[in-house]
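Coordinate-derived values only; no laboratory data. Keep in mind that what you see is a predicted model, and the values were worked out from it rather than measured. Cβ placement follows ideal geometry from the backbone for every residue including glycine, while neighbour counts extend to all protein chains displayed.
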Amino acid sequence: MSIDRTWKVGTLAQTSGLTVRTLHHWDKIGLLSPSRRTDAGHREYGEQDVIRLYQVLALRRLGLGLESIATCLDVGVDPVRLMGDHLAGVEASIASLEALRERLAHIHGELVSDRAPDVSTLFGVLQTMGSAGPESRQALLRHLDDDQVRTLHDRAAALGPAAHYLLDVEWPELYRRAEALRSSGVEPTAPEVRKVVERMDELSSLFTGGDRGLSAAVRSAWRDDPAAMSGDPEAPADAWHDLTAYLDRARSAA
């Protein structure tokens, strides 16, 4: 019978580059609590605690605050899935930008040589520019007017590096989580549903600043393009309408 390995708070702090005081604080606020304590009351962290510590640090490097990290982990969002989606989105953006760079370099070379670029090359640039960015962001922009785009851009810029994660990764994952709860027959009044709804509304406020028109545009994007917004190409529109009603009932109950 194998015995799970444990780490003292000092050892874990040294290994992770944190301070003992930080780990004590995270324990106090419930972000990262040791699964065991010795008879003398000393903290002992197990393997699952170390895994959660890695998840906390990964999300922290994206610019999220401790409260947001705790909410993300506690509502049942799978950090492995989130990191995978984030990585896929970054790689897709890099690939799109690389394709655009190559086409622009070709056009630049043509112009330097006093040759007009052919129309097919210009169309290729237009297509690349139009497809840059995750599908969810493109779907969202189709439902915003110029003023709303500027508002969303300004709010996202204020959030810094966390904006991409919140908008393109966590938000779609929260909707997928809500749909999983609904499909499983969980009542909208259940605490786990209310946690998801509260986080959705918190993200909405972060990006819209309380602008009702912008909030309505976001809801419209989810209603009209559930597949793109959720990142699920097979997401049916009927399921989205059912989910909207489900979330509204959860909000009313709260």
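Counting other beta carbons within 10 Å of each Cβ, put 6, 244 in order, fewest first.
Listing 6, 244 from fewest to most nearby Cβ atoms yields 244, 6.
If we sort 178-188, 214-224, 36-46 on the protection proxy, mean other Cβ atoms within 10 Å, highest first, what's the order?
Highest mean packing first, the order is 214-224, 178-188, 36-46.
Could you list, bin by bin from short to long, the percent of Cα-Cα pairs of segment 7-61 in 10 Å steps?
Distribution as computed: 24, 65, 10, 1 percent.
So how much slack lies between residue 141 and residue 96, counting 0.36 nm per residue of separation and subtracting their Cα-Cα distance, in nm?
Here the answer is 14.4 nm.
Sort 168, 27 so that the residue with the fewest other Cβ atoms within 10 Å of its own Cβ comes first and the one with the most comes last.
27, 168
Could you put 229, 200 in order, starting from the residue whose Cβ has the fewest other Cβ atoms within 10 Å?
Details: 229 25, 200 20.
Listed from fewest to most nearby Cβ atoms, that is 200, 229.
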